[in-house]
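Chemist: If you scroll down you'll find the structure; I have some questions about it.
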Amino acid sequence: MHALDVRVSGGFDIAMLATVQEQRAYLNENGVPLEGHAHGVYTEVDTPRRLAWRSRIDFVPGVTPYEVTASIDLRPSVDGATEMTLCSDRMHDAMWTRNAEMGWTQQIDGLVAQLA
């Protein structure tokens, strides 16, 4: 992590490095660097209920940079657990949207494993 400032108008810059062979091969085939940065600005911080942000997508070869918005909402459930809902804009095409969904799923599954 290069920067993290969790407040409205604050931001983040997170370095990501592909380590799984299949990911590395896919990125190499598509001309995408093996290390990338997710960076953006927080647009809403309502601790501990909601976090929303705007990310800049500027790492896709041949695609003009653009922004996507995303948010996470947390709600207590009846059984004492916490329910999490993540919403995100679609990417510029179906393949990249699917890749983003797989990435988010992998991150959330990792979080669940850490909390179990």
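The values are calculated or read from the model by the stated rules, or taken from the named source; none is laboratory data. Since the model is a prediction, treat every value here as computed from it, not as a measurement. Here the Cβ positions follow ideal geometry from the backbone for every residue, glycine too, while neighbour counts run over all protein chains shown.
Chemist: Using beta carbons and a limit of 8 Å, which pairs, at least six apart or on different chains, have the first residue in region 20-38 and closer than 19 Å to Trp104 by Cα and the second one of a type in the set (S, T, N, Q) and surrounded by 12 or more Cβ atoms within 10 Å (Cβ to Cβ)?
Modeler: From region 20-38, the pairs are Leu34/Asn28; Ala38/Ser55.
Quick grid of which residues meet (1) within 17 Å of Gly11 (Cα to Cα); (2) touching a Leu at 6+ places or on another chain (Cβ under 6 Å):
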residue	(1), (2)
Gly31	no, no
Glu35	no, yes
Ala38	yes, no
Glu44	yes, no
Trp53	yes, no
Arg56	yes, no
Arg75	no, no
Asp89	no, no
Ala94	no, no
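Chemist: Considering every residue within region 47-54, establish whether at least one is in a loop (DSSP other than H, G, I, E, B), of a type in the set (D, E, K, R) and surrounded by 12 or more Cβ atoms within 10 Å (Cβ to Cβ).
Modeler: yes
Chemist: Let me ask something else about it. In a loop (DSSP other than H, G, I, E, B), surrounded by 12 or more Cβ atoms within 10 Å (Cβ to Cβ) and out of contact with any strand residue (DSSP E or B) (no Cβ under 9 Å at 6 or more places or on another chain), is that true of Val32?
Modeler: Yes, satisfied.
Chemist: A further question follows. Would you be able to say whether some residue in region 46-58 is β-branched (Val, Ile, Thr) and either under 25 Å from Leu115 (Cβ atoms) or at pLDDT 95 or above (or both)?
Modeler: Yes, region 46-58 contains at least one residue that is β-branched (Val, Ile, Thr) and either under 25 Å from Leu115 (Cβ atoms) or at pLDDT 95 or above (or both).
Chemist: From the list Leu51, Leu115, exactly one residue is touching an Asp or Glu at 6+ places or on another chain (Cβ under 8 Å) and either basic (Lys, Arg) or farther than 29 Å from Tyr26 by Cα (or both). Which is it?
Modeler: Leu51
Chemist: Restricting to region 68-116, name every residue that is in a strand (DSSP E or B) and farther than 23 Å from Pro48 by Cα.
Modeler: none
Chemist: Going by what's in this entry, would Asp79 be described as modelled with pLDDT of 95 or more, under 20 Å from Leu111 (Cα atoms) and loosely packed, with under 15 Cβ neighbours inside 10 Å?
Modeler: Criteria not met by Asp79.
Chemist: Can you pull out the residues in region 69-104 that are more than 18 Å from Tyr26 (Cα to Cα), touching a helix residue (DSSP H, G or I) at 6+ places or on another chain (Cβ under 8 Å) and touching a residue at least 24 places away in the same chain (Cβ under 8 Å)?
Modeler: Met84
Chemist: Scan region 105-116 and report the pairs whose first residue is over 13 Å from Leu86 (Cα atoms) and whose second residue is loosely packed, with under 10 Cβ neighbours inside 10 Å and aliphatic (A, V, I, L, M), with Cβ atoms within less than 6 Å and a gap of 6+ or a chain change.
Modeler: Hits for this filter: zero, empty list.
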